[in-house]
Amino acid sequence: MDTFAFIIHPIDPKRDVSRKFPFLGRVLSERQIDFFSTFFPPVYISEIEGIKSETTGKEIKGWFIACPYTPRRMMELPEKTVYRKIIQTGRLAEKLGAQMLGMGAFTSVIGDAGITIANALDVPVTTGDSYTVTVAVDALREAATVMEIPLRGTTAAVVGATGAIGQICAELLAENVERLYLIGRRRDALEELRDRLQVQARTLRPGQPQAELVISTTMDVLADAQLILTVTSSIDDIIRPEHLQPGSVVCDVARPRDVSAMVAAARDDILVIDGGMVDVPGSVNFHFDFGFPPGKAYACMAETIALTLEGRFEDYTLGKHLTRERVEEIDAIAKKHGFRLSGFRSFEREVTEQHIETVRRNAKNARRLHALHT
Ligand SMILES: NC(=O)c1ccc[n+]([C@@H]2O[C@H](COP(=O)([O-])OP(=O)(O)OC[C@H]3O[C@@H](n4cnc5c(N)ncnc54)[C@H](OP(=O)(O)O)[C@@H]3O)[C@@H](O)[C@H]2O)c1
């Protein structure tokens, strides 16, 4: 049977450590977990079984293994130290017999996004970022449909637009919407991205619709956008209730999240959805609770699984420059084996029809009130 392994790591230190070590999660503070994680070895988490391709009937199995570092620790420690720990975790995958290795959340953000790690390991590696792009953009488009926001004529925004995932999401969304804000911290990188996307559209898709591209280094412009895709590597949340307009949709792909939990608490006129959740074909059992309902996985896990079902045992998505070809190819491979976009979730809860109806109604009322006061 073909096999894969997927590297996870604690994101919310107390919650996630408790999932494997309830006692340690209870007695250690966040700071202590951060500190001790430096000395902790890679951890075997669980075996993953029950995955079966819808098309070929091929069955595979896998393992979750954990790199003990939290995002904050990965940002604080020297890059080489972090690489070393991720490579050590990859060696555990090799010992288990994995034929494909996926890198979850921040393990794929650090440094050159998997290239150094893949060079040091024998097992083929993927960050899973190509499929994450497809799933995030599809989820935002579908959420626009349910919120009755027509893509043409709409202003959208990509936060973290200069990042590995953000760049391609911006490229795809620019083909659908009227105006697109590219938001990041470095003006020069944003200008370069804007110019590249404009040239690309003129040369590769002449005469086709293309959004007006506007760059910004502040979140204030979000008040102008109805559709927002956010995918930064910020450790702290950066999108707060006051940034958003009534009726807008925010697809949060980042882990840790970019959208403050205060948005859910204070704004019942906005739809926030978690980006990157898919249904896995077969009756998968992860034997580990990573916060999703049964049968569902992050898109980056799904890319690793889909490549294993396809028997594509080669380095796949690596580095900070993703290609449109890989994004389209992995989408086709995943569809072929039966991966599907899941229903919406928001802050770890299912988004019901009723919730969407409430958001739509509250947004209308908020707009009406706003119009009365201006
Ligand atoms: N849901 C999933 O399945 C899934 C899969 C893979 C990755 N992810 C998550 O996706 C996120 C991004 O990954 P990536 O590989 O694209 O990372 P990346 O290449 O490092 O890009 C991160 C982007 O975020 C921007 N940024 C960082 N801090 C910011 C801040 N405080 N304010 C505004 N912008 C900020 C960076 O801007 P600068 O250019 O200024 O540095 C850059 O544009 C991570 O949170 C990762 O965990 C999720």
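Give me D for the chain in µm² s⁻¹, whole number, from Stokes-Einstein with Rh from the Kirkwood sum over alpha-carbon pairs, 20 °C and 1.002 mPa s. After rounding, the answer is 101 µm²/s.
Taking the three principal axes of the alpha carbon atoms in the stretch 275-372, the coordinate ranges are 60, 34, 22 Å, sorted in descending order. Residue by residue, the stretch 210-226 carries 3J(HN,Hα) couplings of 8, 5, 6, 9, 10, 9, 8, 10, 10, 7, 4, 5, 4, 4, 8, 9, 8 Hz when phi is fed to the Karplus relation 6.51 cos²θ - 1.76 cosθ + 1.60 (θ = phi - 60°); x denotes Gly or Pro. Heavy-atom accessible surface of Phe21, to the nearest 10 Å², is about 70 Å², with a 1.4 Å probe and all protein chains retained. Within the assembled protein chains, the solvent-accessible surface assigned to Thr155 is about 20 Å², based on a 1.4 Å probe. Against the criterion of solvent-accessible heavy-atom surface with a 1.4 angstrom probe, Glu353, Glu47, Glu79 sort, most first, into Glu353, Glu79, Glu47.
Evaluated over the Cα positions of the stretch 253-307, the convex hull gives a direction-averaged projected area, one quarter of its surface, of 4.7 nm². Take the Cα of Arg91, go 7 Å toward its beta carbon, and the backbone nitrogen atoms of the stretch 32-76 under 16 Å from that spot belong to 39-44, 66-68. Over 20 Å between Cα atoms: which of Lys296/Lys335; Lys52/Lys320; Lys14/Lys80; Lys80/Lys320; Lys296/Lys336; Lys52/Lys336 fall into that group? Where the Cα-Cα span goes over 20 Å, the pairs concerned are Lys52/Lys320; Lys14/Lys80. Report the FRET efficiency, 1/(1 + (r/R0)^6), for His370 and Arg31, where r is their Cβ-Cβ distance and R0 is 51 Å, rounded to 0.05. With R0 = 51 Å, the Cβ-Cβ based efficiency is 0.75. Dipole magnitude for the stretch 109-204: computed about the Cα centre from +1 point charges on Lys and Arg Cβ and -1 point charges on Asp and Glu Cβ, it is near 320 debye.
Helices that extend 24 Å or more along their long axis by alpha-carbon positions and average at least 0.0 on the Kyte-Doolittle scale are, among the DSSP H runs of the chain, 129-146. Positive end of the dipole of the chain (Cβ unit charges, origin at the Cα centre): among Cys169, Ile117, Ile8, the Cα lying farthest that way belongs to Ile8. Largest accessible area first, the listed residues Cys300, Cys67 line up as Cys300, Cys67 when surface is computed with a 1.4 Å probe on the assembled protein chains. Hey, with R₀ at 35 Å, roughly what FRET efficiency would Asp122 and Asp224 work out to, going by the Cβ-Cβ distance, to 0.05? E between Asp122 and Asp224, to the nearest 0.05, is 0.10. Measuring how big the stretch 127-184 is from its alpha-carbon positions, Rg and Dmax come out at 11.1, 34 Å. Entry comment: accessible area of the stretch 291-342 is 39 Å² per residue, from protein heavy atoms only and a probe of 1.4 Å. When only the Cβ of Lys, Arg, Asp and Glu is charged (+1, +1, -1, -1), the dipole of the stretch 217-283 relative to its Cα centre reaches about 120 debye.
Ranked from largest to smallest solvent-accessible area, with a 1.4 Å probe on the protein heavy atoms, Asp112, Asp122, Asp236 come out as Asp122, Asp236, Asp112.
Other residues whose C-beta falls under 9 angstrom from the C-beta of Pro124 contribute a net charge of -2, scoring Lys and Arg +1 and Asp and Glu -1.
If you take all other residues with their beta carbon under 10 Å from the beta carbon of Ala334, and give Lys and Arg +1 and Asp and Glu -1, the sum is -1. For the stretch 145-296, the residue among Val214, Ile270, Ser260 whose Cα projects farthest onto the positive side of the dipole built from Cβ charges is Val214. Charge dipole of the chain (Cα centre as origin; +1 on each Lys and Arg Cβ, -1 on each Asp and Glu Cβ, all else neutral): 500 debye, rounded to the nearest 20. The Rg/Rh ratio for the stretch 65-189, using Cα coordinates for both the radius of gyration and the Kirkwood hydrodynamic radius, is 1.07.
Relative to its Kirkwood radius, the Cα radius of gyration of the stretch 1-77 gives an Rg/Rh of 1.12. Shown is the FRET efficiency for Asn285 and Arg349, computed with R0 = 30 Å from the Cβ-Cβ distance and rounded to the nearest 0.05: 0.85.
Volume per residue of the convex hull around the Cα atoms, evaluated for the stretch 31-71, comes out as 86 Å³. Here the Kirkwood formula puts the hydrodynamic radius of the stretch 1-137 at 15.6 Å, using every distinct Cα pair. Note on the stretch 126-232: Cα-only Rg and Dmax are 12.9, 36 Å.
With both residues required to sit in the chain, DSSP beta bridges show an antiparallel share near 30%. Computed with a 1.4 Å probe over protein heavy atoms only, the accessible area of Arg267 comes to about 40 Å².
Mean separation of Cα pairs under 8 Å and 6 or more residues apart, divided by the residue count, gives the chain a relative contact order of 20 percent. Applying both filters, DSSP loop and at most 11 other Cβ atoms within 10 Å, to the chymotrypsin sites (Phe, Trp or Tyr not before Pro) of the stretch 36-103 gives Phe39. Between Thr145 and Ile115, the distance separating the two model label sites (each 7 Å from Cα on the Cα→Cβ line) works out to 3.8 nm. The orientation-averaged shadow of the Cα convex hull for the stretch 173-246, equal to a quarter of the hull surface, comes to 5.3 nm².
Ranking Ala139, Ile86, Phe39 by how far each Cα lies toward the positive end of the dipole of the chain (charges on Cβ) leaves Phe39 at the top. Surface composition of the chain: carbon plus sulfur atoms contribute 51% of the solvent-accessible area (1.4 Å probe, protein chains only, all chains present). Modelled this way, with points 7 Å down the Cα-to-C-beta line, the labels at Phe21 and Met262 are 3.3 nm from one another.
The values are calculated or read from the model by the stated rules, or taken from the named source; none is laboratory data. The structure presented is a predicted model; accordingly, all values stated were derived computationally and were not measured. Cβ: placed from backbone, ideal geometry, glycine included. Neighbour counts: every protein chain shown. Keep in mind that these areas ignore ligands, DNA and RNA; they rest on the heavy atoms of the full protein, side chains included. Shrake-Rupley method; radii C 1.70, N 1.55, O 1.52, S 1.80 Å.
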